[in-house]
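What follows is a short report on a single structure.
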Amino acid sequence: MDKPFLAIVVPAFNEESRIGGSLDRLREFLLEFERSWEIVVVDDGSSDRTAEIVEEHSRLDGRIKLIKAAHGGKGAAVRRGMLEAEAEWRFLSDADLSMPPGNLRRFFQSEHGFTPAFDVSIGSREAAGARRIDEPWVRHFLGRVYNWTVKLVALRGIEDTQCGFKLYSAEAATVVFPVQRLQGWTYDVENLFIAKKAGFSIGEVAIDWQYYEGGKVTLGGSVAAYLDIFRVRLNHLMGRYRTAGRR
(Lines give C-alpha, C1' and ligand atoms only; values in the text may rest on other atoms or scores of the structure.)
Protein backbone atom coordinates (compact mmCIF):
# COMPACT_ATOMS: atom_id res chain seq x y z
CA MET A 1 0.00 0.00 0.00
CA ASP A 2 1.29 3.46 -0.89
CA LYS A 3 2.16 5.73 1.99
CA PRO A 4 -0.27 8.63 2.50
CA PHE A 5 0.70 12.15 1.54
CA LEU A 6 -0.43 13.70 4.84
CA ALA A 7 -0.74 12.41 8.40
CA ILE A 8 -2.43 14.42 11.11
CA VAL A 9 -0.99 13.42 14.48
CA VAL A 10 -3.20 14.17 17.49
CA PRO A 11 -1.87 13.60 21.03
CA ALA A 12 -4.78 13.07 23.41
CA PHE A 13 -5.08 12.71 27.17
CA ASN A 14 -8.57 12.44 28.71
CA GLU A 15 -10.23 14.13 25.73
CA GLU A 16 -13.51 12.20 25.70
CA SER A 17 -15.56 15.41 25.71
CA ARG A 18 -14.13 16.69 22.42
CA ILE A 19 -12.09 14.05 20.56
CA GLY A 20 -15.13 12.73 18.69
CA GLY A 21 -16.14 16.16 17.44
CA SER A 22 -12.54 17.00 16.52
CA LEU A 23 -12.19 13.80 14.49
CA ASP A 24 -15.45 14.58 12.69
CA ARG A 25 -14.19 18.07 11.80
CA LEU A 26 -10.81 16.78 10.63
CA ARG A 27 -12.35 14.04 8.50
CA GLU A 28 -14.86 16.47 6.98
CA PHE A 29 -11.98 18.70 5.88
CA LEU A 30 -9.79 15.87 4.67
CA LEU A 31 -12.54 14.36 2.51
CA GLU A 32 -12.15 17.52 0.39
CA PHE A 33 -8.34 17.44 0.52
CA GLU A 34 -6.73 16.58 -2.80
CA ARG A 35 -4.17 14.12 -1.46
CA SER A 36 -4.20 10.84 0.49
CA TRP A 37 -4.26 11.10 4.26
CA GLU A 38 -4.42 9.43 7.67
CA ILE A 39 -5.23 10.60 11.18
CA VAL A 40 -3.06 9.16 13.95
CA VAL A 41 -4.37 9.66 17.49
CA VAL A 42 -1.93 8.85 20.30
CA ASP A 43 -3.85 8.15 23.49
CA ASP A 44 -1.47 9.13 26.29
CA GLY A 45 -2.79 6.68 28.88
CA SER A 46 -6.22 8.29 29.24
CA SER A 47 -8.44 7.11 32.10
CA ASP A 48 -11.67 8.09 30.31
CA ARG A 49 -13.32 6.96 27.04
CA THR A 50 -10.86 8.71 24.70
CA ALA A 51 -9.45 5.50 23.21
CA GLU A 52 -12.90 3.92 22.88
CA ILE A 53 -14.24 6.92 20.97
CA VAL A 54 -11.26 6.90 18.59
CA GLU A 55 -11.75 3.18 17.98
CA GLU A 56 -15.39 3.82 17.07
CA HIS A 57 -14.29 6.37 14.47
CA SER A 58 -11.61 4.00 13.19
CA ARG A 59 -14.22 1.33 12.50
CA LEU A 60 -16.07 3.82 10.33
CA ASP A 61 -12.93 4.97 8.48
CA GLY A 62 -9.75 2.89 8.56
CA ARG A 63 -7.66 5.96 7.83
CA ILE A 64 -8.25 6.99 11.46
CA LYS A 65 -5.76 5.10 13.60
CA LEU A 66 -5.26 4.75 17.34
CA ILE A 67 -1.98 4.28 19.17
CA LYS A 68 -2.37 3.38 22.83
CA ALA A 69 0.51 4.49 25.03
CA ALA A 70 1.28 4.52 28.73
CA HIS A 71 1.00 8.00 30.18
CA GLY A 72 4.30 9.71 29.49
CA GLY A 73 3.44 13.35 28.83
CA LYS A 74 2.47 15.26 25.72
CA GLY A 75 6.02 15.34 24.39
CA ALA A 76 6.27 11.56 24.54
CA ALA A 77 2.91 11.16 22.79
CA VAL A 78 3.89 13.58 20.03
CA ARG A 79 7.19 11.82 19.45
CA ARG A 80 5.57 8.42 19.14
CA GLY A 81 2.88 9.65 16.77
CA MET A 82 5.32 11.48 14.54
CA LEU A 83 7.59 8.46 14.29
CA GLU A 84 4.84 5.88 13.72
CA ALA A 85 3.05 7.97 11.09
CA GLU A 86 4.10 6.97 7.57
CA ALA A 87 3.11 10.00 5.55
CA GLU A 88 5.31 12.25 3.43
CA TRP A 89 4.14 15.22 5.52
CA ARG A 90 3.20 14.98 9.21
CA PHE A 91 1.03 17.62 10.80
CA LEU A 92 0.85 17.97 14.56
CA SER A 93 -2.58 19.06 15.81
CA ASP A 94 -3.90 19.74 19.29
CA ALA A 95 -7.01 17.75 20.13
CA ASP A 96 -9.10 20.87 20.76
CA LEU A 97 -8.69 22.09 17.15
CA SER A 98 -8.17 25.67 18.28
CA MET A 99 -6.90 26.16 14.73
CA PRO A 100 -9.76 25.53 12.26
CA PRO A 101 -8.89 22.55 10.00
CA GLY A 102 -9.29 24.68 6.88
CA ASN A 103 -6.21 26.68 7.92
CA LEU A 104 -4.15 23.60 7.07
CA ARG A 105 -4.20 24.63 3.42
CA ARG A 106 -2.09 27.66 4.31
CA PHE A 107 0.82 25.34 5.08
CA PHE A 108 0.81 24.07 1.49
CA GLN A 109 0.52 27.37 -0.36
CA SER A 110 3.78 27.85 -2.24
CA GLU A 111 5.06 28.17 -5.76
CA HIS A 112 5.55 24.40 -5.70
CA GLY A 113 1.88 23.56 -5.32
CA PHE A 114 1.44 21.00 -2.55
CA THR A 115 5.07 21.19 -1.44
CA PRO A 116 5.37 23.52 1.58
CA ALA A 117 7.97 26.25 1.55
CA PHE A 118 9.76 24.84 4.62
CA ASP A 119 10.89 21.50 6.03
CA VAL A 120 9.19 22.52 9.27
CA SER A 121 6.26 24.94 9.18
CA ILE A 122 5.01 26.43 12.44
CA GLY A 123 1.44 27.53 12.89
CA SER A 124 1.96 31.02 14.27
CA ARG A 125 -0.31 33.31 16.26
CA GLU A 126 2.24 36.12 15.90
CA ALA A 127 2.95 36.15 12.15
CA ALA A 128 1.46 38.90 10.00
CA GLY A 129 -2.18 38.11 9.27
CA ALA A 130 -2.67 35.78 12.25
CA ARG A 131 -5.72 36.14 14.48
CA ARG A 132 -6.13 35.36 18.18
CA ILE A 133 -9.77 34.96 19.17
CA ASP A 134 -11.05 35.32 22.76
CA GLU A 135 -7.65 34.88 24.38
CA PRO A 136 -7.38 36.46 27.86
CA TRP A 137 -4.75 39.20 27.90
CA VAL A 138 -2.98 37.64 30.90
CA ARG A 139 -2.48 34.39 29.00
CA HIS A 140 -1.17 36.28 25.98
CA PHE A 141 1.22 38.30 28.14
CA LEU A 142 2.62 35.21 29.89
CA GLY A 143 3.04 33.53 26.51
CA ARG A 144 5.07 36.45 25.21
CA VAL A 145 7.30 36.38 28.31
CA TYR A 146 7.86 32.67 27.75
CA ASN A 147 8.74 33.21 24.10
CA TRP A 148 11.09 36.06 24.97
CA THR A 149 12.93 33.63 27.27
CA VAL A 150 13.02 31.01 24.52
CA LYS A 151 14.63 33.50 22.14
CA LEU A 152 17.10 34.67 24.76
CA VAL A 153 18.20 31.21 25.92
CA ALA A 154 17.60 28.66 23.18
CA LEU A 155 16.07 29.60 19.86
CA ARG A 156 16.16 32.96 18.13
CA GLY A 157 14.12 34.10 15.17
CA ILE A 158 10.81 32.33 15.94
CA GLU A 159 7.95 34.34 17.41
CA ASP A 160 5.61 31.50 18.37
CA THR A 161 7.21 28.20 19.29
CA GLN A 162 4.33 26.92 21.44
CA CYS A 163 1.36 26.83 19.10
CA GLY A 164 0.31 23.19 18.87
CA PHE A 165 0.02 23.07 15.07
CA LYS A 166 3.17 22.25 13.09
CA LEU A 167 4.00 20.53 9.81
CA TYR A 168 7.12 18.36 9.45
CA SER A 169 8.44 16.66 6.36
CA ALA A 170 8.99 12.93 6.81
CA GLU A 171 12.75 13.51 6.63
CA ALA A 172 12.67 16.18 9.32
CA ALA A 173 10.45 14.06 11.56
CA THR A 174 12.64 10.97 11.31
CA VAL A 175 15.79 13.00 12.08
CA VAL A 176 14.41 15.25 14.83
CA PHE A 177 12.09 13.15 16.96
CA PRO A 178 14.46 10.26 17.79
CA VAL A 179 16.77 12.85 19.38
CA GLN A 180 14.03 14.45 21.50
CA ARG A 181 14.67 14.08 25.24
CA LEU A 182 11.97 16.18 26.92
CA GLN A 183 8.57 14.62 27.64
CA GLY A 184 6.65 17.69 28.78
CA TRP A 185 5.39 20.90 27.20
CA THR A 186 8.80 22.22 26.11
CA TYR A 187 9.16 19.47 23.50
CA ASP A 188 8.22 22.14 20.93
CA VAL A 189 11.24 24.29 21.71
CA GLU A 190 13.53 21.27 21.86
CA ASN A 191 12.41 19.83 18.53
CA LEU A 192 12.68 23.16 16.75
CA PHE A 193 16.15 23.62 18.25
CA ILE A 194 17.16 20.17 16.96
CA ALA A 195 15.64 20.85 13.53
CA LYS A 196 17.54 24.12 13.20
CA LYS A 197 20.77 22.51 14.36
CA ALA A 198 20.28 19.71 11.82
CA GLY A 199 19.95 22.21 8.97
CA PHE A 200 16.25 22.03 8.21
CA SER A 201 14.45 25.14 7.01
CA ILE A 202 11.88 26.52 9.48
CA GLY A 203 9.17 29.10 8.84
CA GLU A 204 6.03 30.48 10.47
CA VAL A 205 2.57 30.34 8.90
CA ALA A 206 -0.11 32.76 10.08
CA ILE A 207 -3.21 31.01 11.42
CA ASP A 208 -6.51 31.79 13.09
CA TRP A 209 -6.44 30.57 16.69
CA GLN A 210 -9.44 30.26 19.00
CA TYR A 211 -8.89 30.22 22.74
CA TYR A 212 -10.86 27.52 24.58
CA GLU A 213 -11.27 27.01 28.32
CA GLY A 214 -10.21 23.68 29.78
CA GLY A 215 -6.51 23.60 29.03
CA LYS A 216 -4.36 21.13 30.93
CA VAL A 217 -1.48 23.45 31.84
CA THR A 218 -0.98 23.65 35.62
CA LEU A 219 1.20 26.00 37.66
CA GLY A 220 3.67 23.19 38.27
CA GLY A 221 3.66 22.32 34.59
CA SER A 222 4.26 25.94 33.66
CA VAL A 223 7.25 26.20 35.99
CA ALA A 224 8.67 22.95 34.63
CA ALA A 225 8.20 24.17 31.06
CA TYR A 226 10.05 27.38 31.88
CA LEU A 227 12.96 25.49 33.45
CA ASP A 228 13.06 23.12 30.47
CA ILE A 229 14.02 26.03 28.21
CA PHE A 230 17.33 26.14 30.07
CA ARG A 231 17.55 22.33 29.91
CA VAL A 232 17.50 22.53 26.10
CA ARG A 233 20.53 24.83 26.19
CA LEU A 234 22.24 22.60 28.74
CA ASN A 235 21.59 19.48 26.65
CA HIS A 236 23.14 21.24 23.68
CA LEU A 237 26.22 22.29 25.64
CA MET A 238 26.63 18.71 26.86
CA GLY A 239 26.49 17.38 23.30
CA ARG A 240 23.23 15.47 23.73
CA TYR A 241 21.87 16.57 20.34
CA ARG A 242 25.04 15.64 18.49
CA THR A 243 23.41 12.73 16.63
CA ALA A 244 21.00 15.02 14.83
CA GLY A 245 21.94 15.64 11.23
CA ARG A 246 20.23 15.98 7.90
CA ARG A 247 20.56 12.92 5.72
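In summary, the aspartates and glutamates within cross-link reach of residue 151, defined as a Cα separation below 17 angstrom excluding same-chain residues under 8 places away, comprise 126, 159, 160, 188, 190, 204, 228. When the Cα positions of 73, 42, 128 are compared along the charge dipole of the range 1-149, 128 comes out farthest toward the positive end, with charges on each C-beta of Lys, Arg, Asp and Glu.
How big is the antiparallel share of DSSP beta bridges in the chain, given as a percent to the nearest 5? Write down the numbers at each step before the final one.
Details: 8 of 33 bridges.
Counting DSSP beta bridges with both partners in the chain, the antiparallel share is about 25 percent.
Using 0.36 nm per residue and subtracting the Cα-Cα separation, the extra length available between residue 234 and residue 34 on full extension is 67.7 nm. Bridgeable lysines around residue 65 (alpha carbons under 26 Å apart, same-chain partners fewer than 8 residues away excluded): 3, 74, 166, 216.
The residues 66, 26, sorted by heavy-atom accessible surface at 1.4 Å with ligands and nucleic acids left out, run 66, 26 from largest to smallest.
Computed 3J(HN,Hα) for the range 41-46, one whole-Hz value per residue from the Karplus formula 6.51 cos²θ - 1.76 cosθ + 1.60 where θ = phi - 60°, is 9, 9, 7, 8, x, 4, glycine and proline marked x.
For the range 16-123, what does the alpha-carbon gyration tensor say about shape, rounded, prolate or oblate, given a ≥ b ≥ c as the root eigenvalues, a/c under 1.5 as rounded, and a/b over b/c as prolate? Taking the square roots of the gyration eigenvalues as a ≥ b ≥ c, the range 16-123 is prolate. Heavy-atom accessible surface of the range 1-56, averaged per residue, reaches 46 Å², computed with a 1.4 Å probe.
Exposure check, 1.4 Å probe, all protein chains in place: residue 230 carries approximately 100 Å² of accessible surface.
The value of relative contact order for the chain, using C-alpha pairs under 8 Å at least six residues apart, is 22 percent.
The values are calculated or read from the model by the stated rules, or taken from the named source; none is laboratory data. Since the model is a prediction, treat every value here as computed from it, not as a measurement. For neighbour counting, all protein chains shown are included, and Cβ atoms are generated from backbone atoms with ideal geometry for every residue, glycine included. Only protein heavy atoms, including side chains, enter the accessible area calculation; ligands, DNA and RNA are left aside. Shrake-Rupley method; radii C 1.70, N 1.55, O 1.52, S 1.80 Å.
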